[in-house]
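Report on the following structure.
The values are calculated or read from the model by the stated rules, or taken from the named source; none is laboratory data. Keep in mind the model is a prediction, meaning the values are calculated, not measured. In this analysis, Cβ positions are derived from the backbone assuming ideal geometry, glycine residues included, and neighbour counts consider all displayed protein chains.
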Amino acid sequence: MKRSIVLLPGLAFLFLTCALPAGAGAQGLGFGFAAGYAKPSNSLYSGSVAGGVVFSIGVMKYLAFEIQAGYLGPAVEASEDGLSEGRLTVVPVQLSVQGRFPFAGGRVAPFVELGGGYYLNSFALDSNLAKRWKDVGFTLEEKPGGAVGVHFGGGLDVFLGRRISLGLGLKYSLVTMKAVWSLLDDASRTEVTGELDGLTLSPLVVGLRVRFFFN
């Protein structure tokens, strides 16, 4: 029984690589969707669903460029030198250079990637926390700024013909944010402000993607 469990996935993989037509989509233009799970390295930020859209440009057999616009929304635990309780929204726009290593007639293509991107960040204060401040006559706001980051990773694409592929990838980003906060006295309109530095985001993302090619 154990041997069957081990052999079945291998046989299925061999069947796919032999039965499917050769994948020529690695070279050309592609568009697709990605979905997965993201966990920031900061222990105060929860894991969250991640997703996005992907644009691919295959310039040659072993080299491709990829642009991805994504989304993740971790919940945040309060800390003295960080953000208050709430939810962070992160929209990374990333450019990657991929080294691809196709085999089985181009049907299967492991890849490694390296790149950089810009992270659009916003933060929503927990509604109960905001209400407690309001009840004592204050308005608290915290606004993280955009950040530049670098990333690296790898994965595997399986081409289901010339026009479509399914992929699995792992990507780790190095990103540190800054934020500004303000506390407004609603009665006197007096405001106190400050900055939060060194807010580490650095998410690890595991995801699946499907791409359609136009070559």
*asked:* Here are the criteria: (1) surrounded by fewer than 18 Cβ atoms within 10 Å (Cβ to Cβ); (2) within 19 Å of residue 35 (Cα to Cα). Tell me which single one residue 159 does not satisfy.
replied: (1)
_Filter the stretch 88-109 down to the residues that are of a type outside the set (D, E, K, R), farther than 26 Å from residue 47 by Cα and touching a residue at least 40 places away in the same chain (Cβ under 8 Å) and list them by number._
102, 104, 105, 106, 108, 109
*Where in the stretch 1-107 are there strands (runs of 3 or more DSSP E), lying fully within it, with 1 or more residues that are acidic (Asp, Glu) and at pLDDT 80 or above?*
63-72
